[in-house]
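Let me begin by presenting the structure, written as structure tokens, before commenting on it.
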Amino acid sequence: MTAAAILELEGLTKDFPVGRNRRLRAVDDVSLAIAPGETLGIVGESGCGKTTLGRLAVRLIAPSAGTIRFEGRDISTLDEAAMRPLRQAMQIIFQDPYSSLNPRLNVERIIAEPLENFGMKRREIGPRVAELLTTVGLPADAAGRYPHAFSGGQRQRISIARALALNPKLLVCDEAVSALDVSVQAQILNLLADLRAELGLSLLFISHNLAVVRYLCHRIAVMYLGRIVELADTAALFAAPQHHYTAALLKAVPEPDPRDRSTSPPVEGDLPSPIDPPPGCVFHTRCPRAEARCRTEPPVLAPARNGGLVRCHFPVGALP
Amino acid sequence: MVEIDAGRQRRSDFLLRFRKSRNAVIGATLVALVVFVAIFAPLLVPHDYEHVDMFKVWAPPSAEHPFGNDALGRDILSRVLVGAQVSLLVAVAVLTITLTIGVTLGMCAAYFGGWTDTIIMRTVDIIFAFPELILAILVAAMMGPGLLTVIVSLSIVWWPGIARLTRALVLQLKNELYVSAAIACGSPPAKILIRHILPNIVAPLMVRASIGVGFIIMAEATLSFLGIGVQEPRPTWGGMIRDGLQTLRTDPYLVFYASLALAITIIGFNLLGDGLRDILDPRVRDR
């Protein structure tokens, strides 16, 4: 991990208490680093801990163990007040464009909120809001309207404008396009790609949609049950997935080929409960390649043949 | 998409539903009547409410005194009209005090959690452990009778309910994404509470306050009835019921009209509260 990384996660773990003396380990020993200007994708099924990871990265919640370093500074134990000055440089966009905007505030007040918080003068706020609206492709007269007057895609643009207001260095996109129609998704993705180039943003892009992640990300981390099971450059991951879970995910992407009648799901069964994860490799319950060793001995994240890292005893394509 | 001013739309929406709710309309009418009487009582009274006339002691209703006269020959109608003032004054004062304290502490307890929450909510629990009226009577007995006593003692028993309700509402709202978004963009707690949370708990608090007025007026009447409330010569409905109780069998008019005024007021506020709940609570909205 280079010292120049903008965000560095090390051994990050988050437990949620469930009932008496039980806990749900939503994120388990995750280590990642994002370089300035880099886009890192996080993919995985629902419930694999992606969203928790995103909220940890901007310290909306506190980790149970491990460290979060932002521009080299350990922020894992800062309280809300100590975090506030740092919020200028890190922003987050949420999945649901409906509940992430307060219905009682108009667009100008929504976008102005971060600007007020960091001491921008009242007369400078109006022009800055107008500028941001242009940046995200909304008409200038949107400022006076309320969120309910906008479609999902437009609302997500408002969220992006609010997130960009302070010129952050890191933007966490938590399923930022998942709630939108496919055509609108493409617009928002293009917008994010343009902004990234223009502003030199680092993105932590969380999604369950492989096509979306492939389009936008330099590197991809695949999560399963709170753990990273594979981490590789986008091209390498798609060309030669090393983990059986990644391979299954790629196979699950529908092919636009009417002759392909294969209907068997690439991964059988349901996601095991993170309250009571399986011993050994967490994926062995659904893995086509699982052997006795997988059921007892948890694999570690090790260098893989595609140049990335993989958490598997018997990676795809390896000799038995 | 048609452009609509959200504020105006919400208001007209509210008025529309308000007119459709029979409870709300009847309640609001009764409340308006009582408020009107309280404000204009000095102009409405046919006689001086303090005028003693020994020739008319316990006189039955007559053309000159439609509600009759009390033990000192004072005009009951005038006293009932003026009695609305104390009831409403106490209600307004207690509501103002308890909403301010209850909402502030409830919001802090919910938002900050931890020790703040523990201290505030355990205090609330302790006050809740006493029966409401017993505690009010205890405080009133310690402070001595009077208007201020009534307001203070009722405020002490009434704020914990507001605090508890507020805390529950805020705990729900705290998980809204726009609150997370506000934290993420660096808004301090005071701003989050006032700008993002308070406007969204006003509606349920209005319902609670409206129903609460019924309790407060009833409690005020009870304290006055027990003689530890507002004192003579200022007429109160509770005090009038007490005065008339000894001669209830022979001269029931004082008790009857004071109780009627009390009943109309309390029913009015309760109907208004029920109506507001039907209108404002999204869970019962579309019935």
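The values are calculated or read from the model by the stated rules, or taken from the named source; none is laboratory data. Treat the numbers as computed from the prediction; the structure is a model and nothing was measured. Note: ideal-geometry Cβ built from the backbone for every residue, glycine included; neighbour counts use all protein chains shown. When the accessible area is computed, the model is the full protein with side chains, heavy atoms only, and any ligands, DNA or RNA have been set aside. Shrake-Rupley method; radii C 1.70, N 1.55, O 1.52, S 1.80 Å.
Which residue, A:86, A:12, A:216, tops the fluctuation ranking in a GNM of chain A built on C-alpha contacts under 10 Å?
Per the Cα network of chain A with a 10 Å cutoff, A:86 tops the list.
Roughly what would the spin-label model give for residue A:64 and residue A:273, points 7 Å off Cα along C-beta, in nm?
Inter-label distance under the simple model: 1.5 nm.
Taking the Cα atoms only, what angle lies between the long axis of helix B:253-280 and the longest principal axis of chain B, rounded to 10 degrees?
10
Count, for each residue of A:183-193, the Cβ atoms from other chains sitting within 10 Å of its Cβ, then give me the mean as a whole number.
Per-residue shielding by partner chains comes out at 0.
For residue A:243, which sequence-distant residues (separation of 5 or more, or a different chain) have an amide H within less than 5 Å of its own amide H, given hydrogens modelled in the peptide plane?
A:316
From the phi of every residue in region B:19-29, what ³J(HN,Hα) in whole Hz does the Karplus formula 6.51 cos²θ - 1.76 cosθ + 1.60 yield, where θ is phi - 60° and glycine or proline is x?
Here the 3J(HN,Hα) series is 5, 7, 8, 5, 3, 5, 5, 4, x, 5, 5 Hz.
Could you go through region A:64-81 in sequence order and give the Karplus-derived ³J(HN,Hα) for each residue, using 6.51 cos²θ - 1.76 cosθ + 1.60 with θ = phi - 60°, rounded to whole Hz, and x for Gly and Pro?
Computed from phi, the couplings for region A:64-81 are 7, 7, x, 10, 10, 10, 10, 6, x, 9, 6, 10, 5, 10, 5, 8, 4, 5 Hz.
Which order do you get for B:256, A:205 if you rank them by accessible area with a 1.4 Å probe, largest at the top?
Ranked from most to least accessible, the order is B:256, A:205.
Given H placed on each backbone N at 1.01 Å, which residues far from residue A:203 in sequence or on other chains put an amide H within less than 5 Å of it?
Those lying under 5 Å, H to H, from residue A:203 are A:38, A:39, A:40, A:171.
With an 8 Å cut-off on Cα pairs and a minimum separation of 6 or more residues, tell me the relative contact order of chain A in percent.
Reported as a whole number, the value is 20 percent.
Which value in deg cm²/dmol, rounded to the nearest 500, describes the helix-derived mean residue ellipticity at 222 nm for chain A, given -39,500 (n - 2.57) per DSSP H run of n ≥ 4 and division by the residue count?
Helix-only estimate at 222 nm: -8500 deg cm²/dmol.
In chain B, if the dipole is taken from +1 on Lys/Arg beta carbons and -1 on Asp/Glu beta carbons about the Cα centre, which of B:233, B:210, B:194 is farthest to the positive end?
Result: B:194, furthest along the dipole toward the positive end.
For residue B:58, tell me the accessible area in Å² from a 1.4 Å probe, rounded to the nearest 10.
Number for this one is 50 Å².
Using a 1.4 Å probe and ignoring any ligands, DNA or RNA, find the accessible area of residue B:29 and quote it in Å² to the nearest 10.
Result for residue B:29: roughly 80 Å² accessible.
Can you tell which of A:93, A:206, A:75 shows the greatest fluctuation in a Gaussian network model of chain A with Cα springs below 10 Å?
Maximum among the listed residues: A:75.
Within chain A, which complete DSSP H helices have Cα atoms spanning at least 15 Å along the helix axis and a mean Kyte-Doolittle hydropathy of 0.0 or higher?
Helix filter hits for chain A: A:182-199.
Over the alpha-carbon set of chain B, work out the extent along each principal axis and list the three values in angstrom, largest first.
The principal-axis extents, from largest down, are 77, 50, 30 Å.
Could you run the Karplus curve 6.51 cos²θ - 1.76 cosθ + 1.60 with θ = phi - 60° over region B:61-68 and give me ³J(HN,Hα) per residue in whole Hz, x for Gly and Pro?
x, 9, 5, 6, 10, x, 9, x
Let me know the longest stretch in chain A that avoids all trypsin sites (Lys or Arg not before Pro) found in a DSSP loop with at most 15 other C-beta atoms within 10 Å.
A:122-258
Taking each residue in A:244-254, count the Cβ atoms of any other chain within 10 Å of its Cβ, then average. What number comes out?
0
Restricting everything to alpha-carbon atoms, can you work out Rg to Rh for the protein assembly as shown with a Kirkwood hydrodynamic radius?
Ratio of gyration radius to Kirkwood radius: 1.14.
Can you give me the % of accessible surface on region B:129-287 that is carbon or sulfur? Probe 1.4 Å, all protein chains present, nothing else counted.
66
Select from A:26, A:68, A:53 the residue farthest towards the positive end of the dipole of region A:1-72; place +1 on Cβ of Lys and Arg, -1 on Cβ of Asp and Glu, and compute about the Cα centre.
A:26
With runs of 4+ DSSP H residues as the only contributors, calculate the mean residue ellipticity of chain B at 222 nm using -39,500 (n - 2.57) per run, divided by the residue total and rounded to the nearest 500.
Computed mean residue ellipticity for chain B: -24500 deg cm²/dmol.
Under a Cβ-only charge scheme (Lys and Arg +1, Asp and Glu -1), can you give me the dipole magnitude of chain B about the Cα centre, in debye to the nearest 20?
1040
How many percent of Cα pairs in chain A exceed 33 Å?
Result for the distance tail: 29 percent.
Under a 10 Å cutoff between Cα atoms, tell me which one of B:57, B:80, B:230 has the largest fluctuation in the Gaussian network model of chain B.
Greatest mean-square fluctuation among the candidates belongs to B:57.
Rank these residues by their accessible area, most exposed first, probe 1.4 Å: A:222, A:18.
Final ranking, largest accessible area leading: A:18, A:222.
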